[in-house]
Structure formats: C-alpha cells, structure tokens
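Student: Take a look at this one; I'll ask things after.
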Amino acid sequence: MLRLAREALQLDGASGATGLQVSVNRRRKVVRLAYVAPFTQGRPGAHWYAAHHALPRLLSRAANTTVQAYVYDPDEGEEVIAYGNGRRVGGERVVYDNVDLPEGRPEDLDEAAFLHMQSRWPMGHLAHVFGLSRQALLKLPVTGQVLGLEDSTADVEAVLESLLPGSVAPHAH
C-alpha cells in the first residue's frame, strides 16, 4: 500500500507528503486513505484531491476492486469518482451554489427536506452504498492512524492489525 502511495505521489507530481492517514469503519469495512501533507490541508487540499487521482487508479488496479475517491468542501461542493481496474468508471459532482432548491425561499426548507436532498448528493449516495450515514462517512477523516510513507512492513502491519484486526495474514519468519 505504501509503495503504491509513493508511486501515486510521483505520478501526481507531488512532494512533501510524510504519511498516509488510514481511517476505518470496521462495522461496514470501509477504509479511507488520505495523504498527510501541506498540500492536502483545508480547502486547498480539497482542490488538490479533485485534480489528483493516481492513488485510487493504482489501488483499483492492484486490489482488483472499485475504489471511490471523494472530495468534500463544506462551503463549495462535493464529488465522488469511481475507479475500477485503473480507469474512471463513474462519478458525480454537486456545486452547492448550483443546487436547485424547492419552490419558495431557501429558509423555508425544513431540516428533514434538506437532509433528504443531501442524501441524494454524491457523499450521501456514497454513504448509502457503504451502508453508512452521511455524517459517519464525513467523520472518517477525524479518526484513524498515520502510516509514515517510509515505514517498515512490520510497522505497517502493526497499524493495519490495530485498525482491522485479523486483516494481516501471519507470515513465517
């Protein structure tokens, strides 16, 4: 995984990353990966992720599974892009300023109606696919552990075992 993360950084022309944050929802077996780097922080970080998808492309090919990449900027919008076998296979984007609100004034929209609208936006749909609430999906970034990009295999296995018990197969010494 770290080898792919380092390769993806090179393909994306990025430098200065020190780690990979791994966040997990064990119940639904959802794993979130994000670089630890100055260029991935805050709103500029959301824009960086919107334009750099080497890691999900590489992971989708290596794991032979669909990998969902997402960008969430609470002030601007959200986007989910799906990759399979190293290629983009789907995606959707919502820019909040372009959302058509129901008839009437925005302040007349009650909370339940607004939550229903959000459930149809990319992050809400992705949460549904994963069997999570939108809020649970959006909380993943604040949990997890950081793998140093230069960590040893043993260090990586220890962190992964703590996050996903039973996920690391024992190997002979």
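The values are calculated or read from the model by the stated rules, or taken from the named source; none is laboratory data. This is a predicted model, so every value here is computed, not measured. Cβ placement follows ideal geometry from the backbone for every residue including glycine, while neighbour counts extend to all protein chains displayed. Areas reflect the complete protein model, heavy atoms only, side chains present, ligands, DNA and RNA absent. Shrake-Rupley method; radii C 1.70, N 1.55, O 1.52, S 1.80 Å.
Student: Would you please name the residue that is nearest to the chain's Cα centre (by Cα), looking only at residues in region 60-93 that are open to solvent by 20 Å² or more (accessible area, probe 1.4 Å) and of a type in the set (F, W, Y)?
Tutor: Here the answer is Y70.
Student: Does region 31-46 include one or more residues that are open to solvent by less than 50 Å² (accessible area, probe 1.4 Å), of a type in the set (K, R) and at pLDDT below 95?
Tutor: Yes, because at least one residue in region 31-46 is open to solvent by less than 50 Å² (accessible area, probe 1.4 Å), of a type in the set (K, R) and at pLDDT below 95.
Student: Just the residues that are in a loop (DSSP other than H, G, I, E, B) and over 15 Å from V146 (Cα atoms), please, taken from region 17-40.
Tutor: Once the filter is applied, which keeps residues that are in a loop (DSSP other than H, G, I, E, B) and over 15 Å from V146 (Cα atoms), region 17-40 yields R26, R27, R28, K29.
Student: Condition (residue is in contact with a strand residue (DSSP E or B) (Cβ under 8 Å, 6 or more places away or on another chain) and in a helix (DSSP H, G or I)) applied to region 72-82: is it met by at least one residue?
Tutor: First pass over region 72-82, keeping only residues in contact with a strand residue (DSSP E or B) (Cβ under 8 Å, 6 or more places away or on another chain): 72, 76-82.
Checking which are in a helix (DSSP H, G or I) leaves us with none.
No, region 72-82 contains no residue that is in contact with a strand residue (DSSP E or B) (Cβ under 8 Å, 6 or more places away or on another chain) and in a helix (DSSP H, G or I).
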